[in-house]
Amino acid sequence: MAASGVTWDDRSNEKYLSHDVTLHRRTSSSPRAPMLGANDEESSMTEMKRLNWSEIAPEGAKALFGIHHYVTRKTELPEELIHLIFLRVSQINGCAHCIDMHTRDLLKTMAIDKVSLVPVWAEVPHLFSDQYRAALAWAEEVTNVSTTHASDEAYAATAAVFAEKDLVDLTLVIAAMNAFNRLGAPFRLPVAAKP
């Protein structure tokens, strides 16, 4: 796919690149709004144009999609596990576009009963394998690194069920999705979900 002179070798990247950047600001009924001190006028629904980040910075987009290509095509991690981690990281970061997309991706291989319980995976350990639980715990630890500091206990638990290369690749999966979330949320990439 070509966008702004950059050629993408992975057609799955299209879902990150194609979007209408005219979106709506969250209202007071949204989970993350209004901010403290906002009045009714500030929290009303307004249109706000956001930049198409991949068109504005095509070389940056190419670099980010390079890591996406690596983690989705070049690792030995199961595809379902990658999508599970993409979803959980996106849920933590509150990126609607990525939550919508990776829920749909995960539903191709995982039952809806399990997918709907991903946010509370620790409360339903019987639904996820030891490896999946370790990956989910590490995803939360790394995504929240400013408060967890990637503790020795969490690292040891993850290292106990992943080979060295797989542990590094898993951490790259987590890092890649955190990077995408930090573009998807601020630039308000749209969701496919319809009312």
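The values are calculated or read from the model by the stated rules, or taken from the named source; none is laboratory data. Remember, it's a predicted structure, so these values are computed and weren't measured experimentally. Neighbour counts are summed over all protein chains in view; Cβ atoms, including those assigned to glycine, are modelled from backbone coordinates with ideal geometry. All accessible areas refer to the heavy atoms of the entire protein, side chains included, with ligands and DNA or RNA removed. Shrake-Rupley method; radii C 1.70, N 1.55, O 1.52, S 1.80 Å.
Of all the numbered requirements in (1) without any contact (Cβ under 8 Å) to a residue 60 or more places away in the chain; (2) open to solvent by less than 20 Å² (accessible area, probe 1.4 Å); (3) closer than 18 Å to M177 by Cα, N144 misses one, and that requirement is (2). The single condition among (1) at pLDDT below 95; (2) not in a helix (DSSP H, G or I); (3) not charged (D, E, K, R) that S54 does not satisfy is (2).
For A192, the conditions (1) closer than 23 Å to K74 by Cβ; (2) touching a residue at least 60 places away in the same chain (Cβ under 8 Å) all hold with the exception of (1). Which is at pLDDT 95 or above and closer than 24 Å to R73 by Cα, of T147, T143? On inspection, the qualifying residue turns out to be T143. The residues of segment 160-179 that are without any contact (Cβ under 8 Å) to a residue 40 or more places away in the chain and surrounded by 14 or more Cβ atoms within 10 Å (Cβ to Cβ), listed by number, are V161, F162, L167, T171.
Scanning segment 103-120 turns up one or more residues that are in contact (Cβ under 8 Å) with a residue 60 or more places away in the chain and either open to solvent by 20 Å² or more (accessible area, probe 1.4 Å) or assigned to a helix (DSSP H, G or I) (or both). Of the numbered criteria (1) closer than 21 Å to L64 by Cβ; (2) buried (at least 21 other Cβ atoms within 10 Å of the Cβ), the one W138 fails is (1).
What residue, among those in segment 121-169 that are of a type in the set (G, A, S) and in a loop (DSSP other than H, G, I, E, B), is nearest to I92 (Cα to Cα)? Selected residue: A150. Among the residues of segment 180-195, is any surrounded by fewer than 18 Cβ atoms within 10 Å (Cβ to Cβ), in a helix (DSSP H, G or I) and of a type in the set (G, A, S)? Scanning segment 180-195 turns up no residue that is surrounded by fewer than 18 Cβ atoms within 10 Å (Cβ to Cβ), in a helix (DSSP H, G or I) and of a type in the set (G, A, S).
When Q91 is tested against the conditions (1) surrounded by fewer than 18 Cβ atoms within 10 Å (Cβ to Cβ); (2) in contact with a helix residue (DSSP H, G or I) (Cβ under 8 Å, 6 or more places away or on another chain), the lone failure is (1).
In this structure, does D100 turn out to be among the acidic types (D, E) and either on the phi > 0 side of the Ramachandran plot or free of Cβ contacts under 8 Å to residues at least 12 places away in the same chain (or both)? No; evaluated as a whole, the condition is false for this residue. When E80, E76, E59 are screened for being assigned to a helix (DSSP H, G or I), surrounded by fewer than 13 Cβ atoms within 10 Å (Cβ to Cβ) and at pLDDT 95 or above, only E59 passes.
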